[in-house]
Amino acid sequence: MAEPLQILLLGIGNVLWADEGFGVRVVERLQKHYRFPDNVQVLDGGTQGMYLVEHVQAAKVLIVFDAVDYGLPPATMKRVENDEVPNFLGAKKMSLHQTGFQEVLATAQMLGQYPQHLLLIGVQPEELDDYGGSLRPGVKAQIQPAIDMALRYLQAFGVSAETVDTAIDLTDPALNIQRYEQERPPAELACRVGDERILQSEAFEVRPPRPTDSPSLQVDVDYRGKY
């Protein structure tokens with residue numbers, strides 16, 4: 001009897017930048033509410049990039065969940081398969097993880113261990129430049145449809161999932177989406193695009209450029225903090 005295919009459900013992205021966290025949030029729900037056969041792995045890939053190579057190499061079937069710039073209206077979900085997947089992962093560098101994962105696929109292919117079946121389930125982001133923000137409602141509403149699409153795809157490989165009535169949280173509590181959204185400080189306390197309070201603190205000192213500095217250097221910032 002042939003061994004079952006090794007299947008990887010992989011969510012990639014950065015939960016700290018609003019809709020960039022879509023893929024990770026899909027995997028979070030999968031881990032809480034679904035149980036799969038032993039040949040199926042559900043993995044939060046975050047922004048690990050090349051550290052995911054061994055997981056990709058081990059998979060015969062790979063499903064990737066991600067925020068993807070398809071050039072479509074916000075919150076539009078689209079699936080891409082097989083050879084077309086790397087083209088969309090590298091379509092626009094929205095964050096470091098996308099280029100990194102494109103390289104992961106190229107490395108796995110170069111090493112001769114590449115998934116036989118590859119599916120990308122991506123959602124067009126609405127907002128990315130919101131540090132500490134969560135998914136926008138339209139993008140968040142696509143989590144379950146993305147899961148349903150993946151489950152239908154898996155049926156072709158004889159794989160079905162068992163739903164769990166009582167959610168089991170397998171993620172770090174700090175990454176739980178409910179806690180993440182509820183404990184986010186208001187905008188007046190936490191800058192959404194980077195914190196100017198750091199540059200204004202005593203840890204930084206701004207002084208005129210020295211004669212030896214590059215002519216293009218307008219100010220000299222001396223960081224006196226600890227490493």
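Bear in mind these aren't lab numbers, they're just calculated from the coordinates by the rules spelled out. Not measured: the values here are computed from a predicted model. As a convention, Cβ positions derive from the backbone with ideal geometry for all residues, glycine included, and neighbour counts pool all protein chains shown.
Listed values, structure above:
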| item | result |
| --- | --- |
| Around Glu84: net Lys/Arg minus Asp/Glu count, Cβ-Cβ under 15 Å | -2 |
| Volume per residue that the Cα convex hull of the range 7-182 spans, once the total is divided by residue count, Å³ | 108 Å³ |
| Net charge over other residues, Cβ less than 13 angstrom from the Cβ of Asp165 (K, R count +1; D, E count -1) | +1 |
| Using alpha carbons only: equivalent-ellipsoid semi-axes of the range 1-44, gyration tensor based, whole Å | 26, 11, 5 |
